[in-house]
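Worksheet: one structure, shown below.
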Protein chains: 2
Amino acid sequence: MMTFTAQDVVYMQMALELAEKGQFTTTPNPSVGCVLVKDGIIVGRGFHVKAGEAHAEVMALREAGENARGATAYVTLEPCSHFGRTPPCAQGLIDAGVVKVVSAMCDPNPQVAGRGLSMLSDAGIESAVGLLAEKAEWLNRGFLKRMRTGRPYVQLKMAMSLDGRTAMANGESKWITGELARADVQAERAKASAILSTSATVLADDPLLNVRWQQLPDKVKADYTQAQLRQPVRVILDSQHRVQPSHRLFSLSSPVWLVSQTARSLLEFPAHCEQIQLSASTNALADLMAELGQRQINTLWIEAGATLAGALIEAKLVDELIIYIAPKLLGDAARGLCKLPHLSTLAEASLWQLHSIEKLGDDLKTIYHPRITEPT
Amino acid sequence: MMTFTAQDVVYMQMALELAEKGQFTTTPNPSVGCVLVKDGIIVGRGFHVKAGEAHAEVMALREAGENARGATAYVTLEPCSHFGRTPPCAQGLIDAGVVKVVSAMCDPNPQVAGRGLSMLSDAGIESAVGLLAEKAEWLNRGFLKRMRTGRPYVQLKMAMSLDGRTAMANGESKWITGELARADVQAERAKASAILSTSATVLADDPLLNVRWQQLPDKVKADYTQAQLRQPVRVILDSQHRVQPSHRLFSLSSPVWLVSQTARSLLEFPAHCEQIQLSASTNALADLMAELGQRQINTLWIEAGATLAGALIEAKLVDELIIYIAPKLLGDAARGLCKLPHLSTLAEASLWQLHSIEKLGDDLKTIYHPRITEPT
């Protein structure tokens, strides 16, 4: 059991806040922050901004310069040990003369996975792991899920009335939730590696499925310029090849991946449109997740109708259910949240557990995870 | 503008906590607490337990004895000025030599309504009103609604899954929520003056619609013995006279009121069964509320299916929507929360505002009020 001081907690908290600044831009890399402290003084701070650019430790070492010698480094993820697009950070810390490294958690990336810590200890550097690990885990839940399982972290978003309705009987749904909830959706989309939707949605609404900088919450706009905006990949389930080049999706240059089990010519589509052809299988959604993991999608944000939502839930592919609840009643004739056709008794209900509730204007944002423990 | 000291707040808070002890037993009277303070020492405390028994001020004056002379009284409701089943408390405070009275709020009872305060000021006693008024208002929202409008305060309770479902398609609903939520329902029933349900529910489930002491939350069982248990009146909508003397409702001695617009012989029913015959009208539910107000029902707790819930909501008769939300998904084939047949566009949605959220085990208890302000 490692013990940490209150001061250690303060520095790691700072490193986590730095790491968070990268959460809109680092995919497929994790968001990492680093603080260097020498004789009780912060001598360097850094966070990772973008794949291919410097890691958090390098940024912090640059700021510290000669002051890194004898310092303690607080890093939100185990320093890397491999040559990727940048040299290994563990070596950088050794070379700079850091004497102790505190990491929030180990990096499950098979290229690292404890080897960063071994490099440090081999060099005689003291290291400790596990400080504020839960927060570090949450921040990179997408990257960590992909490293551990090869699949993205799946976030299913729904916006509903208090009585669980997502649209009127005629499909009218603009808007059930208020402005703050919709701005939050933009922020969640901006953090996601990819957005998943269906050809049914494309045909019905012809959406862009992008992040609109103007609609982001003010807090996000304060740290993040429009030029830095990274657009998520748009993944569209299109088994019957109904999406056409004229759809507005293609008016934006971020990638569009059309998913089906049959081949399709993309000759008439722009170059940023690709096909994901899955092999014939009854587990198409699970296969898709594996393919998206291969394509380095850390987090998949899903905005879907009741059919896809139900299929994902029945296939147990959802890691996080994000439900925005508006204080309205729409009545039983309005459209429901999810179709679960295989469920007929209460004992078979799909079980979840509350992670958090937040008030956004008049609406609530609730986050649930699949239940893993027995109900109380 | 009256100003109160921090010490005043402490004493009034104590008086409110005393008042709360009466909330299971005082109906049709309000719950009232009183604290008497002399030279910074609490010399008397009291709360009203039951209609016909001593009022809070009398209890506190008894405890204080001679020490009441020169004391300040903190009362959660304006002292009464009329001879009811007990003599006027304002006179009691005057006679005991109290020098100042701080009331949380005025009593809207037309027999009081400021006259208690006038009696005090005519006797040369300083008085102040409005300290922690919002809490005092909440505590007696049933009594206050009836005094102001002649109708009970209507609480519509629903227990649903995360996707707004109250039962499986086949009607199975035992249990969607967990034990703590169900214990809370028992506590809410115990506070209510009456419970409203329908003959459809009686025919389907043959319920007792009573308060079961064993199932009350531990906190309530700690202050409240089984012998003190007051059972709410059970009011059953029974337009077609389908409720029979053999139903379990009648196995308990608390009153059952059967509501219809046509006369019915109750010869075969026990003596604690009465008929409420409403005149023919298209506003039967509103007429029922007026009749229940006449019958001194302060709070009406409603456990109903989607049809009655929808009718109450459409008639704007609900003061408080209490929704227990279980972390489960039941799917679109399951039964919905409320039928709102007159609603077809989003602009017509029934609008609410969140009052509070509480976690009860795995479930959430949310309370909403009808929206009175413009949505933000």
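The values are calculated or read from the model by the stated rules, or taken from the named source; none is laboratory data. All values derive from a computational prediction rather than experimental measurement. Positions of Cβ are backbone-derived with ideal geometry, glycine not excepted, and every protein chain shown enters the neighbour counts. The area values use the complete protein model at the heavy-atom level, side chains included, leaving out ligands, DNA and RNA. Shrake-Rupley method; radii C 1.70, N 1.55, O 1.52, S 1.80 Å.
So which residues in segment B:158-188 are away from chain A (no Cβ under 14 Å) and open to solvent by 20 Å² or more (accessible area, probe 1.4 Å)? Can you show your working first?
If we filter segment B:158-188 for residues that are away from chain A (no Cβ under 14 Å), which is where we start, we get B:184-188.
Answer for segment B:158-188, where residues must be away from chain A (no Cβ under 14 Å) and open to solvent by 20 Å² or more (accessible area, probe 1.4 Å): just B:ASP184.
Which residue out of A:LEU364, A:LEU285, A:LEU308 is within 9 Å of chain B (Cβ to nearest Cβ) and either out of contact with any Leu (no Cβ under 8 Å at 6 or more places or on another chain) or hydrophobic (A, V, I, L, M, F, W, C) (or both)? Quick ask: steps written out before the conclusion?
Values: A:LEU285 fails: within 9 Å of chain B (Cβ to nearest Cβ); A:LEU308 fails: within 9 Å of chain B (Cβ to nearest Cβ).
Exactly one of A:LEU364, A:LEU285, A:LEU308 is within 9 Å of chain B (Cβ to nearest Cβ) and either out of contact with any Leu (no Cβ under 8 Å at 6 or more places or on another chain) or hydrophobic (A, V, I, L, M, F, W, C) (or both), namely A:LEU364.
What residue, of A:LEU300, A:LEU317, A:LEU292, A:LEU285, is part of a strand (DSSP E or B) and closer than 22 Å to A:ARG141 by Cβ? It would help to see each step written out before you state the result.
Numbers: A:LEU317 fails: part of a strand (DSSP E or B); A:LEU292 fails: part of a strand (DSSP E or B); A:LEU285 fails: part of a strand (DSSP E or B).
It is A:LEU300.
Of A:GLY70, A:GLY97, which residue is surrounded by fewer than 21 Cβ atoms within 10 Å (Cβ to Cβ), more than 20 Å from A:VAL10 (Cα to Cα) and in the same structural domain as A:LEU16 (by the TED database)? Reasoning before the result, please.
Working: A:GLY70 fails: more than 20 Å from A:VAL10 (Cα to Cα).
Sole residue among the options that is surrounded by fewer than 21 Cβ atoms within 10 Å (Cβ to Cβ), more than 20 Å from A:VAL10 (Cα to Cα) and in the same structural domain as A:LEU16 (by the TED database): A:GLY97.
Among (1) touching a residue at least 12 places away in the same chain (Cβ under 8 Å); (2) open to solvent by 60 Å² or more (accessible area, probe 1.4 Å); (3) basic (Lys, Arg), there is one condition A:LYS359 misses while meeting the rest; what is its number?
Result: A:LYS359 fails condition (1) only.
Mind checking which residues of segment B:323-335 are open to solvent by 10 Å² or more (accessible area, probe 1.4 Å), within 7 Å of chain A (Cβ to nearest Cβ) and part of a strand (DSSP E or B)?
Across segment B:323-335, the qualifying residue is only B:LYS328.
Has segment A:137-146 got at least one residue that is open to solvent by 50 Å² or more (accessible area, probe 1.4 Å), under 22 Å from A:PHE4 (Cα atoms), touching a strand residue (DSSP E or B) at 6+ places or on another chain (Cβ under 7 Å) and not hydrophobic (A, V, I, L, M, F, W, C)? Working first, answer last.
At the first step, the residues of segment A:137-146 found to be open to solvent by 50 Å² or more (accessible area, probe 1.4 Å) are A:137-138.
Right, trim to under 22 Å from A:PHE4 (Cα atoms) and you get A:137-138.
Filter once more, so that each one left must be touching a strand residue (DSSP E or B) at 6+ places or on another chain (Cβ under 7 Å): none.
No: segment A:137-146 contains no residue that is open to solvent by 50 Å² or more (accessible area, probe 1.4 Å), under 22 Å from A:PHE4 (Cα atoms), touching a strand residue (DSSP E or B) at 6+ places or on another chain (Cβ under 7 Å) and not hydrophobic (A, V, I, L, M, F, W, C).
Would you call A:LYS135 outside any loop (DSSP other than H, G, I, E, B) and over 17 Å from A:ASP319 (Cβ atoms)? Step through it out loud before you land on a result.
Numbers: outside any loop (DSSP other than H, G, I, E, B): yes; over 17 Å from A:ASP319 (Cβ atoms): yes.
Considered against the rule, which asks whether it is outside any loop (DSSP other than H, G, I, E, B) and over 17 Å from A:ASP319 (Cβ atoms), A:LYS135 comes out as yes.
Let me spell it out: the conditions are (1) within 24 Å of A:GLY150 (Cβ to Cβ); (2) not in a loop (DSSP other than H, G, I, E, B), and A:SER356 meets all of them except one. Which number is the exception?
The one condition A:SER356 does not meet is (1).
Show the residue pairs that are 6+ apart or on different chains and have beta-carbon atoms under 8 Å apart, the first residue being within segment B:190-203 and in the same structural domain as B:LEU249 (by the TED database), the second being charged (D, E, K, R) and part of a helix (DSSP H, G or I).
So the pair list comes out as B:ILE195/B:ARG189.
Select from segment B:95-128 the residues that are in a helix (DSSP H, G or I), more than 31 Å from the chain's Cα centre (by Cα) and under 21 Å from B:MET59 (Cβ atoms) and list them in ascending order. Show your work before the answer.
Looking only at segment B:95-128, we keep the residues that are in a helix (DSSP H, G or I), and these are B:95-96, B:115-122.
After this cut, where a residue has to be more than 31 Å from the chain's Cα centre (by Cα) as well, the list is B:95-96, B:121-122.
Scanning segment B:95-128 gives B:ASP95, B:ALA96.
So A:GLU303 ticks every box in (1) within 11 Å of another protein chain (Cβ to nearest Cβ); (2) open to solvent by less than 50 Å² (accessible area, probe 1.4 Å); (3) under 26 Å from A:VAL202 (Cα atoms) but one. Which box is left unticked?
(1)
Which one is farthest from B:ILE322 (Cα to Cα), of the residues in segment A:294-334 that are more than 14 Å from the chain's Cα centre (by Cα) and of a type in the set (D, E, K, R)? Working first, answer last.
Start the filter on segment A:294-334 by keeping residues that are more than 14 Å from the chain's Cα centre (by Cα), which leaves A:294-295, A:303-317, A:323-334.
Add one more test, that the residue is of a type in the set (D, E, K, R), and what stays is A:295, A:303, A:314, A:316, A:328, A:332.
Numbers: A:ARG295: 46, A:GLU303: 29, A:GLU314: 30, A:LYS316: 31, A:LYS328: 14, A:ASP332: 18 Å.
If we take residues in segment A:294-334 being more than 14 Å from the chain's Cα centre (by Cα) and of a type in the set (D, E, K, R), then A:ARG295 is farthest from B:ILE322 (Cα to Cα).
Only one residue in B:VAL243, B:VAL259 is away from every other protein chain (no Cβ under 14 Å), modelled with pLDDT of 95 or more, out of contact with any Pro (no Cβ under 7 Å at 6 or more places or on another chain) and in a loop (DSSP other than H, G, I, E, B), so which one is that? Give the steps one after another, and end with the answer.
Values: B:VAL259 fails: in a loop (DSSP other than H, G, I, E, B).
So the residue among B:VAL243, B:VAL259 that is away from every other protein chain (no Cβ under 14 Å), modelled with pLDDT of 95 or more, out of contact with any Pro (no Cβ under 7 Å at 6 or more places or on another chain) and in a loop (DSSP other than H, G, I, E, B) is B:VAL243.
Given (1) within 20 Å of the chain's Cα centre (by Cα); (2) modelled with pLDDT under 95; (3) crowded, with 20+ Cβ neighbours inside 10 Å, where does B:ILE195 come up short, assuming only one miss?
Status for B:ILE195: all satisfied but (2).
Check segment A:338-353 and report whether any residue there is open to solvent by less than 40 Å² (accessible area, probe 1.4 Å), in contact (Cβ under 8 Å) with a residue 60 or more places away in the chain and in a strand (DSSP E or B).
No, segment A:338-353 contains no residue that is open to solvent by less than 40 Å² (accessible area, probe 1.4 Å), in contact (Cβ under 8 Å) with a residue 60 or more places away in the chain and in a strand (DSSP E or B).
Listed here are the residues, each with its yes/no results for (1) open to solvent by less than 30 Å² (accessible area, probe 1.4 Å); (2) of a type in the set (Gly, Ala, Ser).
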{"site": "B:MET14", "(1), (2)": "no, no"}
{"site": "B:VAL35", "(1), (2)": "yes, no"}
{"site": "B:GLY40", "(1), (2)": "no, yes"}
{"site": "B:ALA51", "(1), (2)": "yes, yes"}
{"site": "B:ALA54", "(1), (2)": "yes, yes"}
{"site": "B:VAL58", "(1), (2)": "no, no"}
{"site": "B:LEU77", "(1), (2)": "yes, no"}
{"site": "B:HIS82", "(1), (2)": "no, no"}
{"site": "B:CYS89", "(1), (2)": "yes, no"}
